[in-house]
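The values are calculated or read from the model by the stated rules, or taken from the named source; none is laboratory data. Quick caveat, the model's predicted, so the values are computed rather than measured. No Cβ is skipped: glycine too gets one built from the backbone with ideal geometry, and neighbour counts run over all protein chains shown. SASA here: full protein model, heavy atoms, side chains in, ligands and nucleic acids out. Shrake-Rupley method; radii C 1.70, N 1.55, O 1.52, S 1.80 Å.
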Amino acid sequence: MAEVPEVEIITRDLRQAVVGRRFTGAEIWVPSVVRFPAPAAFVEALVGRQVTSASRRAKFILMPLDDGTVLALHFMLFGELALRPAGSERPSSTLVVLGLEGGEELQLTDTLGYARIALARGDELSTRLKLDELGPEALDEGFTPDVLALRLRRRKSPLKTVLLNQRVVAGLGNRDADESLWLAGVDPRRLATSLTPTESVRLTHAIRAVLDEGLRLRGTQRDLFGVQGLAKHRRNVFGRAGAPCPRCATVVAHERVGGRNTYWCPTCQPATARPELPAQSSLW
């Protein structure tokens, strides 16, 4: 599953291996993958352009080009990007192939076909993808307990739902939200407004710890060079309904919260606030 650690790893790989190179061609295997402009215009505008940098905003990968346009990619759930020799075999899940000078190509694949790509000038891209409406990045040094508390205090929805709202906090996906809430000892079904100052501190630190661990292990998917990340998709509670909580051995619960599969420990994450966690609150 492509969440922020996976997207951030690919972004860093792009800085290493693609920034400074020019696109030599583009093959659009699934036209609907190109959000804008039309596929033919996309190819025409991309060919010959040089990648000047690579960054991430929430789950978007942004590659500014030398003419002022920006190439944006979003993996959705299971999209992947691979750097391979030009003319390599195309997997059945291939959506777009972007040729690079130097005899290599970028292959965008997705078994579900949901991944998307777009190209426009920076201001237009930001407006159409609503990048300016995104909240603070959970990985930024400025993301503090006070910032989190401020973002949550007027949200009268379950914490899990609010944390997945990229306008509130940019950078948390379903898996990492569940793991962060488990690590902080907070029930995902509680209202966001119910979070205490102590819990805001715990949750902020937990979010950073979960994301940092995912980055250190290079995510759960293959990186740009085809190397499999070492992070586990199923960690402490996510996807482990019915299994014992690694902290207290209570059976992990499952429920759909805000339409999303949600996993938590009823003992470690009580329905009301409590000041301390059980012992052995290690990350994994």
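Residues are listed down the side, and each one gets a yes or a no for (1) in the same structural domain as Ile10 (by the TED database); (2) of a type in the set (Phe, Trp, Tyr); (3) not in a helix (DSSP H, G or I):
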residue: Glu179; (1), (2), (3): no, no, no
residue: Trp182; (1), (2), (3): no, yes, no
residue: Val186; (1), (2), (3): no, no, yes
residue: Arg189; (1), (2), (3): no, no, yes
residue: Leu203; (1), (2), (3): no, no, no
residue: Ala209; (1), (2), (3): no, no, no
residue: Gly226; (1), (2), (3): no, no, yes
residue: Arg234; (1), (2), (3): no, no, yes
residue: Gly239; (1), (2), (3): no, no, yes
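Which condition does Phe225 not pass, out of (1) surrounded by fewer than 17 Cβ atoms within 10 Å (Cβ to Cβ); (2) farther than 18 Å from Phe75 by Cα; (3) at pLDDT 95 or above, if it passes all the others?
(2)
Failed condition for Asp146, given (1) charged (D, E, K, R); (2) in a helix (DSSP H, G or I); (3) surrounded by 16 or more Cβ atoms within 10 Å (Cβ to Cβ), with all others met?
Of (1) charged (D, E, K, R); (2) in a helix (DSSP H, G or I); (3) surrounded by 16 or more Cβ atoms within 10 Å (Cβ to Cβ), only one is false for Asp146: (3).
From Arg175, Arg155, grab the single residue that is outside the structural domain of Leu98 (by the TED database) and assigned to a loop (DSSP other than H, G, I, E, B).
Working: Arg175 fails: assigned to a loop (DSSP other than H, G, I, E, B).
Answer to the check: Arg155.
Of the numbered conditions (1) surrounded by fewer than 21 Cβ atoms within 10 Å (Cβ to Cβ); (2) touching a residue at least 60 places away in the same chain (Cβ under 8 Å); (3) of a type outside the set (Asp, Glu), Arg151 fails exactly one; give the number of that condition.
So the condition that Arg151 fails would be (2).
In this structure, does Ala82 turn out to be within 22 Å of the chain's Cα centre (by Cα) and not polar (S, T, N, Q)?
Judged against the criteria, Ala82 is a match.
Filter the range 123-143 for residues that are open to solvent by less than 50 Å² (accessible area, probe 1.4 Å) and part of a helix (DSSP H, G or I); which is farthest from Leu181 (Cα to Cα)? Show your work before the answer.
To start, the set of residues in the range 123-143 that are open to solvent by less than 50 Å² (accessible area, probe 1.4 Å) comprises 125-126, 129, 131, 134-139, 143.
With the extra rule that they be part of a helix (DSSP H, G or I), the set shrinks to 125-126, 131.
Numbers: Leu125: 33, Ser126: 31, Leu131: 26 Å.
This residue is Leu125.
Residues to consider are Gly214, Gly185; find the one that is surrounded by 14 or more Cβ atoms within 10 Å (Cβ to Cβ), under 25 Å from His74 (Cβ atoms) and touching a helix residue (DSSP H, G or I) at 6+ places or on another chain (Cβ under 8 Å). Even if it seems obvious, please write down each step before you answer.
Values: Gly185 fails: under 25 Å from His74 (Cβ atoms).
Every option except Gly214 fails the conditions.
For the range 109-122, give me each residue that is surrounded by fewer than 18 Cβ atoms within 10 Å (Cβ to Cβ) and within 15 Å of Phe60 (Cβ to Cβ). Spell out how you get there, then give the answer.
Residues of the range 109-122 that are surrounded by fewer than 18 Cβ atoms within 10 Å (Cβ to Cβ), as a first pass: 111-114, 121-122.
Of everything in the range 109-122, those that are surrounded by fewer than 18 Cβ atoms within 10 Å (Cβ to Cβ) and within 15 Å of Phe60 (Cβ to Cβ) turn out to be Tyr114, Gly122.
So, of the residues in the range 32-60 that are under 24 Å from the mean Cα position of the chain (by Cα) and open to solvent by 50 Å² or more (accessible area, probe 1.4 Å), which turns out to be farthest from Leu106 (Cα to Cα)?
Looking at residues that are under 24 Å from the mean Cα position of the chain (by Cα) and open to solvent by 50 Å² or more (accessible area, probe 1.4 Å), I get Arg57.
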